[in-house]
Amino acid sequence: MRDLIDIPVPFQTFNDLTAFCDGRRVTEELAEVAGRAISEWIAMQNKAASDDGSLRGGYQWKSLFLPSGTKIRVAIRRKISHAVVDGDHILHNGEAVSPAQLVNHLAGCTRNAWKHVWLLLPGETHWKLAETMRT
């Protein structure tokens, strides 16, 4: 068997693990079961991090970081346009743009992007005005 170390776990967790193993006639040692559980937990954390875009980059807009996968919505003159953060860029119609470039292009004049850009971050369900998310 490999070298082992002691890791304190809550007493109830230990009781649950031993009861589970006894009830199922698990032939593995508790240390092997616990080690596999920890390894699987690490793999799940790594997958979740890459799924939510945190390992795929994002766009830094002054003090606001927009992770890859963030959806952008701009409504000007009753017309709604969309863009998305893909890697380290904001893409609108296949072109990389800044928030100001996007808003100014759509408006045809200079406007404050913070007041016109709505954001839907990965994993969120509600759009938020960029201005309210600014620190």
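A short reminder: the numbers here are calculations on the coordinates, not readings from a lab. Not measured: the values here are computed from a predicted model. In this analysis, Cβ positions are derived from the backbone assuming ideal geometry, glycine residues included, and neighbour counts consider all displayed protein chains.
Placing dummy labels 7 Å off each Cα toward the beta-carbon, the span from Met44 to Asn15 is 2.3 nm. Couplings 3J(HN,Hα) for region 2-11, derived from phi with the Karplus relation 6.51 cos²θ - 1.76 cosθ + 1.60 (θ = phi - 60°), are 5, 5, 10, 10, 8, 10, x, 10, x, 4 Hz, where x marks Gly and Pro.
Summing charges over neighbours of Leu106, with a neighbour being any other residue whose Cβ is under 9 Å away from its Cβ, gives +3 when K and R count +1 and D and E count -1.
Once the chain from Ala37 to Asp3 is taken as fully extended at 0.36 nm per residue, the excess over their C-alpha distance is 10.5 nm. Amide H contacts of Trp61 (H built 1.01 Å from N, in plane; Pro and chain starts excluded): Leu66 sit under 5 Å, all sequence-distant by 5 or more or on other chains.
Relative to the 2.2 N^0.38 Å rule of thumb, region 11-51 has a C-alpha radius of gyration ratio of 1.41. Between (1) 0.95; (2) 1.00; (3) 1.29, which matches Rg/Rh (Cα atoms, Kirkwood Rh) calculated for the structure shown? Correct label, based on the coordinates given: (3).
Among Gly23, Ile38, Leu91, which residue has its Cα furthest toward the positive end of the charge dipole of the chain, with +1 on Lys/Arg Cβ and -1 on Asp/Glu Cβ? Toward the positive end, the furthest listed residue is Leu91. If only the Cβ of Lys and Arg carry +1 and only the Cβ of Asp and Glu carry -1, the dipole of the chain around its Cα centre is close to 1320 debye.
For the chain, lysine pairs separated by 8 or more sequence positions, or belonging to different chains, with Cα-Cα distances below 23 Å total 10.
Each Lys and Arg contributes +1 and each Asp and Glu -1, all at the Cβ; summed about the Cα centre of region 11-51, the dipole is approximately 80 debye.
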